Amino acid sequence: NMPVIAHIGLVGAYAVPYWLGGDPERPVLWFVYIAIINAGILVLAFKKYWRSLYLSAFGLTWLMFSTWYGFSYKEALHFSQTLFFSALFFGIFYLAFLAHKLVQKNPFHLADIAIVALNSLIFFGLGYSILIEHDSGKDYCGLFALANAAVHAVVGAVIYRQKEPSGGLMYLAVGMALFFAILAVPIQWDGNVVTLVWAGGAALLFWLGRTRSLPFY
């Protein structure tokens, strides 16, 4: 029941693969190992509100994964597994964050925007980089952005259907959905199509801001 013990275990657990060594060209077992650790963090998120532990796991996981991607990733060997595990890590941290807010009923703060945005942008940046370098994958970058938008839209819808919805959290999810939907436009199209779709998106944001009294939109 002490966060400091959990931190010691967390740091030691992440360090084990480095101490034991391993083949960077065959990282699946390492990814599974990290996923198991992060699943434990997700379980703790449903039971306790240890924000520092969540942030530590979040930072260490994405740092290690991004470092491996930068130095050891090879498209022919790692394309599908890298996409899969980056999506898995993103989902675990997103669920853990939602558990903090919806299950533990912790208040919504402005810092939460940074956490959700950073988790989403790291995942999108990695996924976009993986796809754009792939001969076939580069044709699906816009679809990938729309898939990200759909995930956040579903989260927003789930929160909205709660008996006591968290307004700030719902609007954050909807805002992220709109961001990725708007981002998909210049990725997939060019020329006048971008102008027209963005104009429609701007009108939609303005309408939401006026009707819902949300100055940010």
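The values are calculated or read from the model by the stated rules, or taken from the named source; none is laboratory data. Treat the numbers as computed from the prediction; the structure is a model and nothing was measured. All Cβ positions, even for glycine, are placed from backbone atoms using ideal geometry, and neighbour counts span all protein chains on display. These accessible areas exclude ligands, DNA and RNA; they are computed on the full protein's heavy atoms, side chains included. Shrake-Rupley method; radii C 1.70, N 1.55, O 1.52, S 1.80 Å.
Charge tally for I130 (other residues, Cβ to Cβ under 11 Å; Lys, Arg +1; Asp, Glu -1): -1. When volume of the Cα convex hull per residue in Å³ is computed from the coordinates, the matching label among (1) 121; (2) 219; (3) 189 is (1). Amide H contacts of L214: none lie under 5 Å away among residues 5 or more positions distant or on a separate chain (H built 1.01 Å from N in the peptide plane; Pro and chain starts excluded). Our helix-only sum for the chain, with -39,500 (n - 2.57) per DSSP H run of n ≥ 4 divided by its residues, gives a mean residue ellipticity at 222 nm of -27000 deg cm²/dmol.
What ranking, highest mean first, results for peptides 205-215, 83-93 when packing means the other Cβ atoms within 10 Å averaged over each residue?
Most protected by this proxy first, the peptides run 83-93, 205-215.
Highest mean packing first, where packing is the average number of other Cβ atoms within 10 Å per residue, the peptides 127-140, 28-41 line up as 28-41, 127-140.
Which net charge results for the neighbourhood of D190, defined as the other residues with beta-carbon distances under 15 angstrom from its beta-carbon, given Lys and Arg at +1 and Asp and Glu at -1? The partial results should precede the final answer.
Values: positive: K138; negative: D139.
Summing Lys/Arg as +1 and Asp/Glu as -1 gives 0.
Its relative contact order, with pairs defined as Cα atoms under 8 Å and 6+ residues apart, puts the chain at 15 percent. Here the spin labels are modelled as points 7 Å beyond Cα on the Cα-Cβ line, and at S213 and F84 they lie 4.9 nm apart. Add +1 for every Lys or Arg and -1 for every Asp or Glu among the other residues with Cβ under 13 Å from the Cβ of Q81, and state the total. Every neighbour counted, the sum reads 0.
State the number of lysine pairs found in the chain whose Cα atoms come within less than 18 Å, restricting to pairs 8 or more positions apart or on distinct chains. Lysine pairs meeting the criterion: 7. Solvent exposure of the chain amounts to 56 Å² per residue of accessible area, where only protein heavy atoms count and the probe is 1.4 Å.
Taking the accessible area of the chain, probe 1.4 Å, and keeping the other protein chains in place, the carbon and sulfur fraction comes to 70%. In sequence order, region 197-203 has phi-based couplings of 5, 5, 4, x, x, 5, 5 Hz under the Karplus curve 6.51 cos²θ - 1.76 cosθ + 1.60, θ = phi - 60°, and Gly or Pro positions carry x.
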